[in-house]
Amino acid sequence: MRRAALVFGLCLALSANALGQTPPEGFKALFNGKDLSGWKSTGKKDVWGADEKQGILYVEGGGGGWLLTEAEYGDFELRLEYKMPMKGNSGVALRTPPQGDPAYVGMEIQLIDDKNWQGLQTWQHTGSIYNVVPAKKVNNREIGEWNTMRIVAKGRQVLIEQNREILVDANLDELKEHYKKHPGLTREKGHIGFQSYNFRVEFRNIFLKPL
């Protein structure tokens with residue numbers, strides 16, 4: 001009986017983690033796996049949603065702006081998983097204010113279907129600090145598969161890792177030539193968020209640890 005209870009408890013824990021509800025030690029879940037509590041849209045609200053059965057946060061596209069956390073964060077480690085469709089495009093906002101384009105007033109980490117978009121600039125590939133620091137390589141999984149991303153923002157250092165490979169490790173103090181166009185590079189804290197661009201993109205297991 002005791003063994004059955006332990007197995008049942010383990011199954012529940014694994015299920016909760018799959019739904020993005022059980023963060024790793026030291027982390028907290030930014031998405032509760034069932035609704036958009038703690039988030040706010042800067043554009044079309046009807047393109048954002050949550051699927052409780054699958055434990056995913058999704059955007060249907062259609063240029064719906066951004067979905068930002070209500071809380072602000074400065075130094076942190078962010079972990080998430082996302083699934084990109086054919087020719088999909090999105091982004092992760094860091095340290096952004098609630099108004100303006102996070103790619104400039106904050107920082108945007110690019111998410112895109114690198115394989116099927118033609119003519120991308122180096123700084124437009126997945127994992128790049130958009131329009132500022134290009135990713136070292138393309139390291140995406142196949143369309144329809146989940147990618148893992150780890151972002152560490154600590155002081156002036158920003159590290160972007162995808163599928164366990166480091167794509168960017170940048171010191172923001174060394175990017176002063178970009179400050180005029182991208183004043184967000186000088187910010188110490190702000191909101192975290194996701195971009196609505198064209199097609200459906202899904203996110204899950206969105207965990208954050210303050211540093």
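The values are calculated or read from the model by the stated rules, or taken from the named source; none is laboratory data. Keep in mind it's a predicted model, so treat the numbers as computed, not measured. So basically every Cβ, Gly included, is an ideal-geometry build from the backbone, and we count neighbours across all protein chains shown.
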ask   = Right, GLY9: modelled with pLDDT under 95 and assigned to a loop (DSSP other than H, G, I, E, B) or not?
value = no
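What tally of residues in region 89-111 results from selecting those that are surrounded by 24 or more Cβ atoms within 10 Å (Cβ to Cβ) and of a type outside the set (Gly, Ala, Ser)? So that I can check it myself, show each step before the final result.
Just the residues of region 89-111 that are surrounded by 24 or more Cβ atoms within 10 Å (Cβ to Cβ), to begin with: 90, 92-96, 102, 106-111.
Imposing the further condition that a residue be of a type outside the set (Gly, Ala, Ser) reduces the set to 92, 94-96, 102, 107-111.
Result for region 89-111: 10.
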Residue count, region 181-206 (criterion: outside any loop (DSSP other than H, G, I, E, B), more than 17 Å from VAL105 (Cβ to Cβ) and out of contact with any helix residue (DSSP H, G or I) (no Cβ under 9 Å at 6 or more places or on another chain)) = 4
note = Listed by range, strands (runs of 3 or more DSSP E) wholly within region 65-145 having at least 3 residues that are at pLDDT 95 or above, under 20 Å from THR42 (Cα atoms) and out of contact with any Leu (no Cβ under 6 Å at 6 or more places or on another chain) are 65-69, 89-96, 107-112
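Checking the structure you have, find out if any residue of region 151-168 is part of a loop (DSSP other than H, G, I, E, B), of a type in the set (A, V, I, L, M, F, W, C), touching a residue at least 24 places away in the same chain (Cβ under 8 Å) and more than 23 Å from LEU67 (Cα to Cα).
Taking region 151-168 and keeping what is part of a loop (DSSP other than H, G, I, E, B), we get 155-156, 163-164.
Going one step further and asking which of them are of a type in the set (A, V, I, L, M, F, W, C), we end up with none.
Among the residues of region 151-168, not one is part of a loop (DSSP other than H, G, I, E, B), of a type in the set (A, V, I, L, M, F, W, C), touching a residue at least 24 places away in the same chain (Cβ under 8 Å) and more than 23 Å from LEU67 (Cα to Cα), which makes the answer no.
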ask   = Identify, please: which residue in region 20-43 is among the hydroxyl-bearing types (Ser, Thr, Tyr) and assigned to a loop (DSSP other than H, G, I, E, B) and is, among those, nearest to ARG150 (Cα to Cα)?
value = THR22
Selected residue [within 16 Å of GLN195 (Cβ to Cβ), charged (D, E, K, R) and either surrounded by 16 or more Cβ atoms within 10 Å (Cβ to Cβ) or touching a residue at least 12 places away in the same chain (Cβ under 8 Å) (or both)] from GLU72, GLU60, GLU52, GLU81 = GLU60
